[in-house]
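> Quick one: the structure is below, questions incoming.
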Amino acid sequence: MGDSSTGTRVFVNSHEVHEDWLKLTPRQQEILTNVVRGFSNREIASAIHVTEQTVKDHLHNIYARLGVKNRTQLVTRIFRLQI
């Protein structure tokens with residue numbers, strides 16, 4: 001899926017995912033990375049020192065930018081484009 005040695009690059013195999021990645025702010029990229037890793041909103045909030053509501057707000061903006069409706073569609077889109 002990415003470079004597991006550094007844990008920083010999640011998407012490396014797809015041009016489309018790369019384009020999606022560039023649509024996001026650095027904070028949104030950080031949140032998306034944690035979503036793909038399976039973290040809950042609460043776990044993400046704790047890890048990046050924000051409120052759970054802030055994570056939800058960022059996710060809403062990510063969904064809008066990437067044209068998905070929910071977390072399941074988001075993760076499905078990312079993994080589908082990886083192959």
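> Filter the range 33-83 down to residues that are within 10 Å of the chain's Cα centre (by Cα) and aliphatic (A, V, I, L, M), then give me how many there are.
The total comes to 7.
> Another question, if that's okay. Do we find a residue being assigned to a loop (DSSP other than H, G, I, E, B) and not acidic (Asp, Glu) anywhere in the range 39-47?
Here is the first cut: in the range 39-47, the ones assigned to a loop (DSSP other than H, G, I, E, B) are 39-40.
Still in the list and also not acidic (Asp, Glu): 39-40.
The answer is yes; a qualifying residue exists.
> Hey, another quick one. Looking at (1) closer than 21 Å to residue 22 by Cβ; (2) exposed (fewer than 13 other Cβ atoms within 10 Å of the Cβ), which is the only condition residue 70 fails?
(1)
> Contact list please: Cβ distance under 8 Å, first residue in the range 28-57 and more than 14 Å from residue 72 (Cα to Cα) and among the acidic types (Asp, Glu), second residue modelled with pLDDT of 95 or more and surrounded by 13 or more Cβ atoms within 10 Å (Cβ to Cβ), pairs at least six apart or on different chains.
Filtered contacts from the range 28-57: 30/48; 43/34; 52/41; 52/45.
> Quick check on my filter: what residues within the range 53-83 are closer than 12 Å to residue 35 by Cα and not in a helix (DSSP H, G or I)?
Selection gives 70 alone.
The values are calculated or read from the model by the stated rules, or taken from the named source; none is laboratory data. Since the model is a prediction, treat every value here as computed from it, not as a measurement. Positions of Cβ are generated from backbone atoms using ideal geometry, with glycine treated the same way; all protein chains shown enter the neighbour counts.
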